[in-house]
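**Q** Attaching a single structure in structure tokens format; questions to follow.
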Amino acid sequence: MKTVKLLSLLTLMSTSIVFSQKKTNGTVYIEHPAIDVVEEMTQAFVNGDSAKVASYLADDFKSYNGVGTKTNDKGQDKASFTSGVSRWNDALDYFSITRTKGAYPDAIHYKKDNKDDIVWVQTWEDLKGVHKKTGVKVNMPIHRLYVVNKDNKIQTVISYTNESVFDEIGKSFVNRTNGKIYNHHDNINTVRKLTYAYENGDLEKCLSYYADDAKFYDINTEFGKSYSKAEVKESWKKFLDEYEIVSIDMIGYPDYLEYEMGEGREVLSWWNFHLIRKSDKKKLSVPFHFSDSFDADGKITSEVAYYSQALFQAK
């Protein structure tokens, strides 16, 4: 009985401790003048109205990069921030900053250590546009924290974004190489050998050039859906049962691309499949494009087939 009482007492004490740890420190608003000033300033920024943007900013305004790596970052002052308004509009077509779907701003008025009576506004938005010079598409979420002073002026903004898209824009201002293109290479030889093995109905030899875990993609199926080596073997068998291959002719010549970035290895090839549909003896000519990815050992790890499925239904 004493044990039961002791457990009950301990449970009561732990519950009391949990509840005693809860303490409010201000109010969170879904509607607030500080939210209005932040969203009005953002719209003026998108519209390229630097004078109007400046009207929403405190004289001691500072902007900071929340993902920056500078130590002792002094931030961007009011003059520098407003001068950048026109640069964004000059740089981007279709420039917009809108609330992220399902999100809305919060205004937070803290009670503790808030002698200046400031309000924090946090936003979740999508920044979109197309860079005019490089054609790079900008479509990224942006999270911002604003400090709005008691005069309802924006005193501070801290922005959190993924800046990789800006790296891509910067790199795209000059011509850059990314490896070599070959018109003769052993990986090209492999694609020719497997194609002509298929032409001759030798599926075992054809599939021997693919890695065991190779993935096969078809432009006519759901995007991202792939087939295994075993699945594609059955599909190819069915194809050979339904169609007679008269010949497979190369169109132009294959290219082998050996990339520096990611050490990619890709053979691009173009073919014309001359077929007879066995069911009605209809002669068909179907162009194919294949993109084959190779590993370092010369095995194909993935293949994408591009062709018009409608051509097989020709009457």
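The values are calculated or read from the model by the stated rules, or taken from the named source; none is laboratory data. The structure displayed is predicted, hence computed values, not measured ones. Here the Cβ positions follow ideal geometry from the backbone for every residue, glycine too, while neighbour counts run over all protein chains shown. We work out accessible area using only protein heavy atoms, side chains counted, and drop any ligands, DNA or RNA first. Shrake-Rupley method; radii C 1.70, N 1.55, O 1.52, S 1.80 Å.
**Q** Determine, at each q value in 0.16, 0.19 (inverse angstroms), the log₁₀ of I(q)/I(0) that the Debye formula gives when each Cα of the range 9-163 is one equal point scatterer.
**A** The Cα Debye sum returns log10 ratios of -0.94, -1.26.
**Q** Do the sum for the chain: with -39,500 (n - 2.57) for every DSSP H run of n ≥ 4, divided by all residues, what is the mean residue ellipticity at 222 nm, to the nearest 500 deg cm²/dmol?
**A** -9000 deg cm²/dmol
**Q** Put +1 on the Cβ of each Lys and Arg and -1 on the Cβ of each Asp and Glu in the chain; which of ASN189, ILE108, TYR209 then has its Cα farthest toward the positive end of the dipole?
**A** Of the options given, the answer is ILE108.
**Q** Amide H of LYS215 versus every other amide H placed in the peptide plane: which residues, excluding those fewer than 5 positions away on the same chain, fall under 5 Å?
**A** Correct list: SER302, GLU303.
**Q** How would GLU260, GLU244, GLU31, GLU39 rank on accessible area, largest to smallest, probe 1.4 Å?
**A** I get GLU31, GLU260, GLU244, GLU39, largest accessible area first.
**Q** I'd like to check one number: the per residue accessible area of the chain, probe 1.4 Å, reported in Å² as a whole number.
**A** On a per-residue basis, the chain sits at 63 Å².
**Q** To continue, here is another question. Over the range 164-217, how many percent of alpha carbon pairs lie in each 10 Å bin up to the one with the longest distance?
**A** 19, 29, 19, 21, 12, 0
**Q** Hey, another quick one. In Å, the Kirkwood hydrodynamic radius of the range 142-193 over pairs of distinct alpha carbons?
**A** 16.4
**Q** Right, another one. Using θ = phi - 60° and the Karplus curve 6.51 cos²θ - 1.76 cosθ + 1.60, what whole-Hz ³J(HN,Hα) does each residue of the range 108-119 get, with Gly and Pro shown as x?
**A** For the range 108-119, the Karplus curve yields 10, 10, 7, 8, 7, 6, 10, 5, 8, 6, 8, 10 Hz.
**Q** Among all the lysines, which ones have a C-alpha under 20 Å from LYS132's C-alpha, if same-chain residues fewer than 8 places away are not counted?
**A** Straight-line reach from LYS132, under 20 Å: LYS171.
**Q** If I fit a long axis through the Cα atoms of helix 2-20 and take the longest principal axis of the Cα atoms of the chain, what angle between them do I get, 0 to 90°, rounded to 10?
**A** Helix 2-20 sits at roughly 80 degrees to that axis.
**Q** Mind checking the log10 I(q)/I(0) for the range 271-315 at q = 0.21, 0.28 Å⁻¹? Debye, one equal scatterer per Cα, no solvent, two decimals.
**A** So the normalised log intensities work out to -0.73, -0.97.
**Q** According to the Cα gyration tensor, what semi-axes, each the square root of 5 times an eigenvalue, does the equivalent ellipsoid of the chain have, listed from largest to smallest in whole Å?
**A** 60, 32, 19
**Q** Amide H neighbours of GLN155 under 5 Å, counting only residues 5+ apart in sequence or on other chains, H built in-plane at 1.01 Å?
**A** For GLN155, whose amide H was placed from the backbone, the distant partners under 5 Å are ALA58, VAL147, VAL148, ASN149.
**Q** For the range 185-226 and the range 264-309, what is the centre-to-centre distance using only Cα atoms, to the nearest Å?
**A** 8
**Q** What is the helix-to-structure angle for 229-242, meaning the angle in degrees between its Cα long axis and the longest Cα principal axis of the chain, kept from 0 to 90 and rounded to the nearest 10?
**A** With both axes taken from Cα atoms, the answer is about 40 degrees.
**Q** So, one more: What nm value, rounded to one decimal, do you get for the distance between THR24 and LYS180 when each label is placed 7 Å out toward the C-beta?
**A** 7.1
**Q** Right, here's the next one. Might you work out the accessible area of LYS133 for me, using a 1.4 Å probe with all protein chains in place, and round it to the nearest 10 Å²?
**A** Accessible surface of LYS133 is approximately 140 Å².
**Q** OK, next. Short version: what are the Cα gyration tensor semi-axes of the range 27-83, square root of 5 times each eigenvalue, largest first, in whole Å?
**A** Three semi-axes, in Å: 22, 17, 10.
**Q** Over all Cα pairs of the range 96-151, how is the pair count split among 5 Å bins, expressed in % and running from 0 up to the last occupied bin?
**A** P(r) over the range 96-151, rounded to whole percents: 4, 17, 19, 16, 13, 12, 9, 5, 3, 1.
**Q** Same structure, new question: Compute the projected area of the convex hull of the Cα atoms of the range 54-145, averaged over all viewing directions, and report it in nm² to one decimal place.
**A** Hull-based average projected area comes out at 8.1 nm².
**Q** Can you give me the relative contact order of the chain as a percent, contacts being Cα pairs under 8 Å and 6 or more apart?
**A** 12
**Q** Same structure, new question: Rounded to the nearest 5, what is the percent of antiparallel bridges among the DSSP beta bridges in the chain? Intermediate results must be reported in sequence, preceding the final value.
**A** On the way: 68 of 78 bridges.
Taking every DSSP beta bridge with both residues in the chain, the antiparallel ones total about 85 percent.
**Q** For PHE223 and LEU311, compute 0.36 nm times the residue count separating them, minus their Cα-Cα distance, and round to one decimal in nm.
**A** So the extension gain works out to 29.6 nm.
**Q** Let me ask you something else. Equivalent-ellipsoid semi-axes (√(5λ), Cα gyration tensor) for the range 222-315, whole Å, largest first?
**A** Equivalent-ellipsoid dimensions as semi-axes: 28, 16, 12 Å.
**Q** Within the set LYS22/LYS74; LYS180/LYS233; LYS137/LYS180; LYS78/LYS115; LYS137/LYS299, which residue pairs have Cα atoms separated by over 28 Å?
**A** Checking Cα-Cα distances, LYS22/LYS74; LYS180/LYS233; LYS137/LYS299 exceed 28 Å.
**Q** Pop the C-beta distance of ASN65 and HIS289 into the FRET formula with R0 = 41 Å and round what comes out to the nearest 0.05.
**A** Computed FRET efficiency for ASN65 and HIS289: 0.40.
**Q** Oh, and also: What does the convex hull of the alpha-carbon atoms of the range 110-225 project to on average, in nm²?
**A** About 15.1 nm², averaged over all directions.
**Q** A further question follows. Of ALA44, VAL28, VAL121, which is farthest towards the positive pole of the chain's charge dipole, taken about the Cα centre with +1 and -1 on the beta-carbons of Lys, Arg and Asp, Glu respectively?
**A** VAL28
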